[in-house]
Structure formats: structure tokens, C-alpha cells
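Peer 1: Before I ask anything, here is the structure I am working with.
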Amino acid sequence: MLKYYVMNKALEDKLKTLPAKPGVYFHKAADGEVIYVGKAAVLKNRVRQYFNNSPKDAKTMKLVQNIAMTDWIETDSEMDALFLENEMIKRYKPKYNILLRDDKNNSYVRIDFKSEWPTVALTRVPMDDGAEYIGPFYGSAPVKRALRYLRHTFPYLTKLSERDSKLMQQLHLTPDGTNEEYKKSLRQLARYLKGERVSIQKELAIEMNEASDRLDFERAATLRNQINSLNHLRDKIIFGSDEFMDISKDRGLDGAMDLFQLEKPPRRIEGYDISHQGGQDVVGSMVVFTNGVADKREYRKFKISRNKNDDFAAMREVMGRRFSPRHLSWGQPDLIVVDGGAPQINAIYDVVPDDIPIVGMAKDNDLVVVCKSKSHLDTAKIKSLIIRPIDGVTVNDQSDHYEINLHVGAQHSAGHSFTFIGSAVVSPYTDLLKLLERLRDESHRFAIAYHQSVKQKRQISSQLDEIPGVGPKTRRKLLRHFGSVKKIGEASETDIATLVGPKLAQTIHQSLAHVAGEAASPHQPAEPHD
């Protein structure tokens, strides 16, 4: 046993139940704070190493002396443990992860989607170069192993010269289709790295069946192989109530209960955002955190009925639909967080049941916004912070609402970023701030992704809808067979005629001859509004 450390009986008994499975473990202090998160190929072996007599450096000794309890979550594979550890470190920001881990070892997966043939790389420093960066992951070696495995399912390039490598092609490690097909595969890889494996498997199954229906058996076989490869990893971690509660003595949830005077910690929190581009392709997003953890099975998206540059009307429509009788099965949230401030709350308060609290999270300065009469919550605690302020927190009375600063002395280094600059005093609500930021930023990400999807589908549909004689049924038939507008434009008039007849085929072929080139190399879209 470690010198100067006496293990408490509860922890000693708990360690006897450690499983010989991969997973993520949580070391906790006496007050329940998560002070370190780690992953393990075998939980039983790894966790016990902290408490044996092997030599340890001073920082690790300090960590062990502060461990009062350890909890864990089993995973189905080491790769799942890698992704779950990454999610939990971002959630808890444990102090000993910061002390014991060098930031230089953090890594991001970089995919330059704007290139004709994107490459996949691992980097320590994300740049403002238009590429997508996924991470950070804590340590590069596990991510490298994961990428090597995933390359068999989603073949990718690490450098452009690999496109001409016969060996890489024979090993099926590089893409063998068009650059459009390659980018589609890379987007699936990116989503997988963000933890969306279950959704990807369902989409691949649908695409495989469609390929089979149009007798494209080669494509169907490729998709079948991808599905089988992904099936080697069992379903992504699904948090049950018991698993949640093992780690849900969460300071962020407790902070929400205290500051907003809730009867209990908010088990289900819903976050909302609106995204569009100049009033076009307006969509709304709903993300759900269950006991402080992103619960992607519960996410929902809304296509707004009217294209109009009016975020408040769009948010009101989203809330009206979300709380309609047809969606009672979704359950009721314990707290709603909207991306914005008092205007957003004013727009929706009367369509949200009055027993559900509503707060805003201003994106520019990360102030928490509570309306005095329209947020459906008790503001007694917030008022008391004006009279008796505490370190790290300020409350400004803005007549009809309060603006609460939970990061006094610090500000974001960039929009929608977790990186603060300046010195912030840690307050009882620091973990609440982290929780609200993550919820707000996740609703933002989800809304942007759906907006881009809606926009792309509209552009495809509009090109076909402009052709005389092509209705919704014909459009679906063409897209199901050829896969894209570009491929329809590249097809021969005879091939198109087998689906729609010679007369309409001639019209389609002539019409798409003018737009096929545009579909092949579209202009880069402007950034969507959110």
C-alpha cells in the first residue's frame, strides 16, 4: 500500500468488484468531485495499479492520496473506452487530468474536406484553415490505433500520392470510387469518431437495400462489408439510469438545482438552436443531456415551415411542435436552455408548459440569462447574489431579466470555444457553466449539420424540379437509380430512357447537360447563420 495513504473500507470493498473488461474509470474526492478520468483495456488491472506499492511520481502520489471512491463504466471495446474517456474528460475537466497530462500530447483528427481528395491526419494544434478538426483526444497513440482499424471500414488517404499506390489499393486502404463517394465515406468516418456508429450502421443498411433494389450488386456488397466490419464493435455505449447515477453526483447538475431553485437536479435538459442562411433552409435542433451526458438517441430536428429570416418565430414554431400532444412520448424536460437571451425566452415562454424552467445562454459572452417573469423559475437565489455576491459570479439586473456571469475575469478566446483566456475564479457554479456551454454548443453543432443537409437536398431537388415533366415520383426514381444529379447528367439518354421513356429522357439529358458541370464542382457555400 502507498506510504501516507490509508484506503477507506468502502473503496477497498468497491475495488474487489472491478471487472476484467475494458472501460472508463472515475476517481473521486471525498466530496464526490471527479478528480481524474482514465480508460483501461482491463479495468481490474489498471485501477488497482494506483493502489499498489510500485514507484509513482509526486503528482500521481498526490492524486492517489485524494481518492476517496472510484466508479467505472464498462464498454464493449477499447475503442469505445477511448471515445467515452474523451467525452468524460471534456465534461468534468478533472484537475488531475490537467496536472498529469501534458497538453502537447492532446491530438486532433484533421480532415480537409475542401480539398478534391481530402487526407486524414493527426495533429496537436488545430489551425484556422477550413479543415474539420475532431477532438481533442487525450494522447495520440490510442487514436492512431483506432484510425488504423477504421481505415479498413472507411478507406482514406494520408497523402495524395497514395492514390497511385497499387499496394494500398490491393489492401483496400485507399478509396477506389469517385471523390464524391470518398467524401461521403469520410463524413461517415468523422461521425464515427464523434460517437455516431449506430446511426451510420442504419444509414448503410438503407443504402445497401437501395443499391440491391436497383441491381447495383457491387455497391451493395461494398456496403455489406462495411456493415459487417462495424459489427465487430458492438453497439455504442448506451447509458442506463443506473450507470448514469453511478457518476451523476455532478456539480453542474447540483449547481443548476441551486441557482435556478429547482426541486431536484435536472435529469433531462434540452437545448435548442436555430440555423439558416439568410432565411433559407431554416431548421431547428433539439439536443438532450441525460444526467449531464449527451443522449443522442433523444436528439430531434425540425424543418421550419416558412423560409424567413426570423429566429424568434422559428424558435416559437419549434417549441409549439415539440410540446404538441403528439410528442408526449418524448417525456418532459426538467430544464430548457436556448441559444440566445431574453428575446428568445420572450418568444417561447407561453408555448412551453409553465412548470418547465427556461434559461438562455448568450453565445457572444457566455452569460446565463433568466427572465424575471417568463423563465418559469424561482429567482430568489439569483436576487440574493446581487445583495451578497460570491467570488467568480456577478449578476446584472436588466429590468425584465438577469444576466449572470459565471466566469468573472475570463472570456472565450474564440466563438463557440471552451478555451478561456484571462483568470477566472472557481465558484460553486463553475461546473454548471461548463455543462451549459457544452449543451449550447452541441445544439449549435447539430443545427448547423441539419441545415447543411437540408440545403444540399434542396439544391439537388431544385435542379430536377426545374425540368418540365419531372415530378416528385420521377425525381425519386432517378435519384434512387443513379445516386446523384451529377451522375444523371453523365448518363446516356438511352440509360435514362429505361426509367422514364425516350421523350422525357431527351428533355432530362438536354437540361442536365448544362448543370452537370456545376453539380460536379459547386461553389463553396457561405457560412450558415445560427
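The values are calculated or read from the model by the stated rules, or taken from the named source; none is laboratory data. Worth saying up front: this structure is predicted, and the values here are computed from it rather than measured. Neighbour counts run over all protein chains shown; Cβ positions are idealised from the backbone, glycine included.
Peer 1: Which of (1) at pLDDT below 85; (2) under 26 Å from VAL293 (Cβ atoms); (3) assigned to a helix (DSSP H, G or I); (4) of a type outside the set (Gly, Ala, Ser) is the odd one out, the single condition VAL47 does not satisfy?
Peer 2: (1)
Peer 1: Also, I was wondering about something else. Of all residues in region 122-172 being in contact with a helix residue (DSSP H, G or I) (Cβ under 8 Å, 6 or more places away or on another chain) and assigned to a loop (DSSP other than H, G, I, E, B), which is modelled with the lowest pLDDT?
Peer 2: GLY139
Peer 1: To continue, here is another question. Taking into account only those residues within region 208-259 that are under 30 Å from VAL337 (Cα atoms) and of a type in the set (Phe, Trp, Tyr), which is modelled with the highest pLDDT?
Peer 2: Taking region 208-259 and keeping what is under 30 Å from VAL337 (Cα atoms), we get 235-259.
Narrowing the set further to residues that are of a type in the set (Phe, Trp, Tyr) leaves 239, 244.
Working: PHE239: 30, PHE244: 35.
Checking each candidate, the answer is PHE244.
Peer 1: Tell me whether region 271-289 contains one or more residues that are closer than 24 Å to ILE35 by Cβ and touching a helix residue (DSSP H, G or I) at 6+ places or on another chain (Cβ under 6 Å).
Peer 2: Yes: one or more hits.
Peer 1: How about region 189-204: which of its residues are in a helix (DSSP H, G or I) and modelled with pLDDT under 85?
Peer 2: ARG191, TYR192, LEU193, ARG197, VAL198, SER199, ILE200, GLN201, LYS202, GLU203, LEU204
Peer 1: If you don't mind, there's one more thing I want to ask. So ASN52 clears everything in (1) assigned to a loop (DSSP other than H, G, I, E, B); (2) within 32 Å of the chain's Cα centre (by Cα); (3) not aliphatic (A, V, I, L, M) except one condition, right? Which one?
Peer 2: That leaves (2) as the condition not met.
Peer 1: Among the numbered criteria (1) of a type in the set (Gly, Ala, Ser); (2) part of a loop (DSSP other than H, G, I, E, B); (3) within 32 Å of the chain's Cα centre (by Cα), which one does ALA81 miss?
Peer 2: (2) is the only condition that ALA81 fails.
Peer 1: Among residues belonging to region 478-498 that are over 11 Å from HIS509 (Cα atoms) and among the polar types (S, T, N, Q), point out the one that is surrounded by the most Cβ atoms within 10 Å (Cβ to Cβ).
Peer 2: SER484
Peer 1: Can I ask one more? Output the number of the condition that PRO19 fails; it satisfies all remaining conditions of (1) over 29 Å from LYS144 (Cα atoms); (2) out of contact with any His (no Cβ under 8 Å at 6 or more places or on another chain).
Peer 2: With (1) over 29 Å from LYS144 (Cα atoms); (2) out of contact with any His (no Cβ under 8 Å at 6 or more places or on another chain) applied to PRO19, the lone miss is (1).
Peer 1: Looking at (1) under 15 Å from ARG214 (Cα atoms); (2) at pLDDT 85 or above; (3) of a type in the set (Lys, Arg), which is the one condition that is false for ARG480?
Peer 2: Result: ARG480 fails condition (2) only.
Peer 1: Something else about it: Hand me the list of strands (runs of 3 or more DSSP E) wholly inside region 400-441 holding 1 or more residues that are on the phi > 0 side of the Ramachandran plot, among the small types (Gly, Ala, Ser) and modelled with pLDDT under 80. Even if it seems obvious, please write down each step before you answer.
Peer 2: Working: elements: 401-405, 410-412, 420-422.
Ranges flagged: 420-422.
Peer 1: Run ASP76 past the list (1) of a type outside the set (A, V, I, L, M, F, W, C); (2) at pLDDT below 80; (3) crowded, with 16+ Cβ neighbours inside 10 Å and report the number of the one that doesn't hold.
Peer 2: For ASP76, the failing item is (3).
Peer 1: Only one of VAL337, VAL293, VAL282, VAL288 is modelled with pLDDT of 95 or more, within 22 Å of the chain's Cα centre (by Cα) and either acidic (Asp, Glu) or in the same structural domain as TYR402 (by TED's automatic domain parsing) (or both); which?
Peer 2: The conditions single out VAL337.
Peer 1: Further question on the same structure: With region 271-343 as the region, which strands (runs of 3 or more DSSP E) entirely inside it contain at least 3 residues that are surrounded by fewer than 21 Cβ atoms within 10 Å (Cβ to Cβ)?
Peer 2: Details: elements: 280-290, 300-303, 335-339.
Ranges flagged: 300-303.
Peer 1: Those residues that are outside any loop (DSSP other than H, G, I, E, B) and either surrounded by 12 or more Cβ atoms within 10 Å (Cβ to Cβ) or of a type in the set (Phe, Trp, Tyr) (or both), I need them from region 463-477; list them, please.
Peer 2: If the condition is that a residue be outside any loop (DSSP other than H, G, I, E, B) and either surrounded by 12 or more Cβ atoms within 10 Å (Cβ to Cβ) or of a type in the set (Phe, Trp, Tyr) (or both), then GLN463, LEU464, ASP465, THR474, ARG475, ARG476, LYS477 are the ones that fit.
Peer 1: Could you please tell me which pairs satisfy a Cβ distance under 6 Å, a separation of 6+ or placement on different chains, a first residue in region 169-183 that is under 12 Å from VAL120 (Cβ atoms), and a second residue that is at pLDDT 85 or above and hydroxyl-bearing (Ser, Thr, Tyr)?
Peer 2: PRO175/TYR182
Peer 1: What pairs come out if I take residues in region 106-128 that are farther than 14 Å from SER161 by Cα and pair them with residues that are among the basic types (Lys, Arg) and surrounded by 15 or more Cβ atoms within 10 Å (Cβ to Cβ) whose C-beta lies under 8 Å away, six or more apart or interchain?
Peer 2: PHE113/LYS183; PHE113/ARG187; ALA121/ARG110; LEU122/ARG110; THR123/ARG110; PRO126/ARG110
Peer 1: Given (1) touching a Leu at 6+ places or on another chain (Cβ under 9 Å); (2) over 24 Å from GLU442 (Cβ atoms); (3) assigned to a loop (DSSP other than H, G, I, E, B); (4) aliphatic (A, V, I, L, M), where does ILE390 come up short, assuming only one miss?
Peer 2: (1)
Peer 1: Ok, one more. Can you pull out every residue in region 489-512 that is aliphatic (A, V, I, L, M) and at pLDDT 85 or above?
Peer 2: Result: ALA491, ILE496, ALA497, LEU499, VAL500, LEU504, ALA505, ILE508.
Peer 1: Out of (1) closer than 29 Å to LYS308 by Cα; (2) crowded, with 21+ Cβ neighbours inside 10 Å; (3) at pLDDT below 85, the odd one out for VAL370 is which?
Peer 2: Checking VAL370 against (1) closer than 29 Å to LYS308 by Cα; (2) crowded, with 21+ Cβ neighbours inside 10 Å; (3) at pLDDT below 85, the one that fails is (3).
Peer 1: Please verify whether region 188-196 includes one or more residues that are surrounded by 18 or more Cβ atoms within 10 Å (Cβ to Cβ) and either among the aromatic types (Phe, Trp, Tyr) or over 25 Å from GLU78 (Cα atoms) (or both).
Peer 2: yes
Peer 1: Consider LYS90 carefully, then state whether it is under 30 Å from LEU189 (Cβ atoms), assigned to a helix (DSSP H, G or I) and in contact with a strand residue (DSSP E or B) (Cβ under 9 Å, 6 or more places away or on another chain). Break it down into steps so the answer makes sense when it comes.
Peer 2: Working: under 30 Å from LEU189 (Cβ atoms): yes; assigned to a helix (DSSP H, G or I): yes; in contact with a strand residue (DSSP E or B) (Cβ under 9 Å, 6 or more places away or on another chain): yes.
Criteria met by LYS90.
Peer 1: I'd like to know if region 464-471 contains one or more residues that are within 24 Å of ASP216 (Cα to Cα) and within 35 Å of the chain's Cα centre (by Cα).
Peer 2: yes
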